[in-house]
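In what follows, a structure is listed as structure tokens, so that the remarks can point back to it.
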Amino acid sequence: MIIIADSSSTRTEWVLVDGNKVVEKATTGGMNPYFQTRREISHSIRLELPDLFFKKRWEHVYYYGAGCSNPEKCKIMESSLVAQFKTPVTVESDLLGAARGLLVRRPGLACIIGTGSNSCIYDGEKIVKNIRPLGYVLGDEGSGAYIGKRFIADCLKGLAPVALTEEFISEYSIEMESVLDEIYIHALASVLLSSYSNFLLKHLDDDYVRTLVYDSFIDFFRRNIAAYDYKNHPVSFVGSVACNFSEILREAARDFNIEVLKIAQSSMPGLVEYHTTD
């Protein structure tokens, strides 16, 4: 039996697999070794996962996670997982998890559009080209953090519709005078900014909101996908923002002459298939 985990900065999806059958599922908080120590990660795993995941030593733990893009950060994650499960562990990036989850062993262009964003060309086994996402400060175009950042900036500059701004302030109990302090000192500012994008879901009939989201996806295509041979690779997407705003994402893709193969909420079904079939 094996454990497969797929983690973003906001949530981690876990499955316990026997043969090719999922026997247990669980969801815990997100983990990211860029923002959490080994101790904090271990604490989260031990306290949030059901006891069944610790009943015995499993054959292997396959972990795909945000922030696991270099050996140093992977070691932090690996040591935390080994300490908890006492089982051989393989740690890979969330982007490889997205590619395998979306395409399994089919080559193609895979993208994450959730709290953050990322993209790659996948050869059916590994990533062969990646345009660096650069995080929510310098990049992450199209993501929840990017959309939330643009919206809160428009609110502060008086560029968002007044009625929409007032409703947002009321719903989130935000003091606009102190919102900058909250964002700049928040340990997971990208998660906070992404939560603001959720407010816009209820207002997609507003021309301002629709244009903001559309332009954010066009920015993602222009600054990331345009660097790939996308005309010869149908593009697949995974992530909450891709799903929540799928209609606008498809519209922006059409206008950019991008063929959309798939938009999925989760990578996990494909990851289970990847690890249980030859």
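Taking semi-axes √(5λ) of the Cα gyration tensor in Å as calculated from this structure, the corresponding entry among (i) 40, 31, 16; (ii) 38, 19, 18; (iii) 32, 24, 15 is (iii).
For segment 12-110, which GluC sites (Glu not before Pro) are in a loop by DSSP, counting at most 13 other Cβ atoms within 10 Å?
Numbers: sites: Glu13, Glu24, Glu40, Glu48, Glu59, Glu72, Glu78, Glu92; in loops: Glu59.
The qualifying sites are Glu59.
Computed on segment 1-48, with alpha-carbon pairs under 8 angstrom and 6+ residues apart, the relative contact order is 29 percent. Averaging the sequence gap over all C-alpha pairs within less than 8 Å and six or more residues apart, then dividing by the number of residues, gives the chain a relative contact order of 18 percent.
Given the pairs Lys157/Lys202; Lys75/Lys231; Lys129/Lys202; Lys25/Lys231; Lys56/Lys262, which span a C-alpha to C-alpha distance of over 32 angstrom in this model? Each step should come with its number before you reach the end.
Values: Lys157/Lys202 22 Å; Lys75/Lys231 37 Å; Lys129/Lys202 36 Å; Lys25/Lys231 37 Å; Lys56/Lys262 37 Å.
With Cα atoms farther than 32 Å apart: Lys75/Lys231; Lys129/Lys202; Lys25/Lys231; Lys56/Lys262.
Here the label points at Ile169 and Ser79, each 7 Å from Cα along the C-beta direction, are separated by 4.7 nm in the simple model.
If you take every DSSP beta bridge whose two residues both sit in the chain, what share of them, in percent to the nearest 5, is antiparallel? It would help to have the intermediate numbers written out before the result.
Values: 22 of 41 bridges.
Taking every DSSP beta bridge within the chain, about 55 percent pair in antiparallel fashion.
Between Leu52 and Leu261, the modelled label-to-label distance comes to 3.2 nm, taking each label 7 Å out from Cα in the direction of the beta carbon. Proximity of backbone amide H atoms, modeled 1.01 Å from N, is registered between Ala264 and Phe237, Val238, Gly239 at under 5 Å, excluding neighbours fewer than 5 places apart on the same chain.
If I stretch the segment between Arg105 and Ala227 completely, what's the gain in nm (0.36 nm per residue apart, minus their alpha carbon distance), one decimal?
Values: separation 122, 0.36 × 122 = 43.92 nm, distance 2.26 nm.
Gain in length upon complete extension: 41.7 nm.
The local environment of Val22, defined by Cβ-Cβ distances under 12 Å, has a net charge of -2 under the rule Lys, Arg +1 and Asp, Glu -1. Length gained on full extension, Glu251 to Glu59: 64.7 nm, using 0.36 nm per residue less the C-alpha separation. Were the residues from Ile183 through Leu134 laid out at 0.36 nm apart, the gain over their Cα-Cα distance would be 15.8 nm. Of all beta bridges DSSP finds with both residues in segment 104-260, what is the antiparallel percent, to the nearest 5? About 60 percent, rounded to the nearest 5. Normalised per residue, the accessible area of segment 175-278 is 49 Å², obtained with a 1.4 Å probe and no contribution from ligands, DNA or RNA.
Could you tally the net charge around Pro33, taking each other residue with its Cβ under 11 Å from the Cβ of Pro33, Lys/Arg +1 and Asp/Glu -1? List each step's numbers first, then the result.
Numbers: positive: Arg38, Lys73, Lys75; negative: Glu40, Glu72, Glu78.
Neighbour charge sum, excluding Pro33 itself: 0.
Please compute the per residue accessible area over segment 46-169 with all protein chains in place, 1.4 Å probe, rounded to a whole number of Å².
44
For segment 1-118, the gyration tensor built on C-alpha atoms gives an oblate shape. Its axis ratio a/c (a ≥ b ≥ c) is at least 1.5, and a/b is not larger than b/c.
Find, among the trypsin sites (Lys or Arg not before Pro) in segment 31-103, those assigned to loop by DSSP (not H, G, I, E, B) with at most 13 other beta-carbon atoms within 10 angstrom.
Values: sites: Arg38, Arg39, Arg46, Lys55, Lys56, Arg57, Lys73, Lys75, Lys86, Arg100; in loops: Lys55, Lys56, Arg57, Lys86.
Listed in order of number, the matching sites are Lys55, Lys56, Arg57, Lys86.
Carbon and sulfur atoms: what percent of the 1.4 Å accessible area of the chain do they account for? Within the chain, the accessible surface is 49 percent carbon and sulfur.
When the GluC sites (Glu not before Pro) in segment 155-226 are filtered for DSSP coil states and for at most 11 other beta-carbon atoms within 10 Å of their beta-carbon, the remaining sites are Glu175, Glu177.
The values are calculated or read from the model by the stated rules, or taken from the named source; none is laboratory data. Please read these numbers as outputs of a predicted model, since none were measured by experiment. Methodologically, a virtual Cβ is constructed for each residue, glycine included, from the backbone with ideal geometry; neighbour enumeration extends over all protein chains shown. The protein model used for the area step is the full one, side chains on, heavy atoms only, and it has no ligands, DNA or RNA in it. Shrake-Rupley method; radii C 1.70, N 1.55, O 1.52, S 1.80 Å.
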